[in-house]
């Protein structure tokens, strides 16, 4: 655990040092005390990036808590997660360490408007 902001959340890191927040649910009596409900991407221009990704993953853009359109709902493959584009003051000088994969016929590695790499792979063939 890197930091505690109890009772709301804690900051953790994966084995490569990538930080993430776990938001705690005080209403859960059993383990786990946290559940995945959102994925966050830092950006100095989150509205622009959210709009670009919404078009590419078929998501609905909604306002974040500051009233700006930067949260995605219903992204293909992430229907149960909110993709939050989090405003940060620093301009990106390197891509975010996460790398997304988009499934479509046009294969390759691409970058979004802010330099974040993502892989494009063909959809898996139907089972059976």
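Every read-out reported here was derived from the displayed coordinates using simple, explicitly stated rules and does not represent laboratory data. These numbers come from a predicted model, not from an experiment. Cβ placement follows ideal geometry from the backbone for every residue including glycine, while neighbour counts extend to all protein chains displayed.
Couple of notes before you dig in:
- The peptide list 108-114, 67-73, put in order of mean Cβ contacts within 10 Å with the highest first, becomes 67-73, 108-114.
- In this simple spin-label model, placing a label point 7 Å from the Cα along the Cα-to-Cβ direction at both residue 80 and residue 52 gives a separation of 3.0 nm.
- Estimated inter-spin distance, residue 12 and residue 87, nm [label 7 Å along Cα→Cβ]: 2.9 nm
- FRET efficiency, 1/(1 + (r/R0)^6) with R0 30 Å, evaluated for residue 62 and residue 20 via beta carbons: 0.90
- Protection proxy ranking for 41-48, 55-62, using the average of other Cβ atoms within 10 Å per residue and placing the highest first: 41-48, 55-62.
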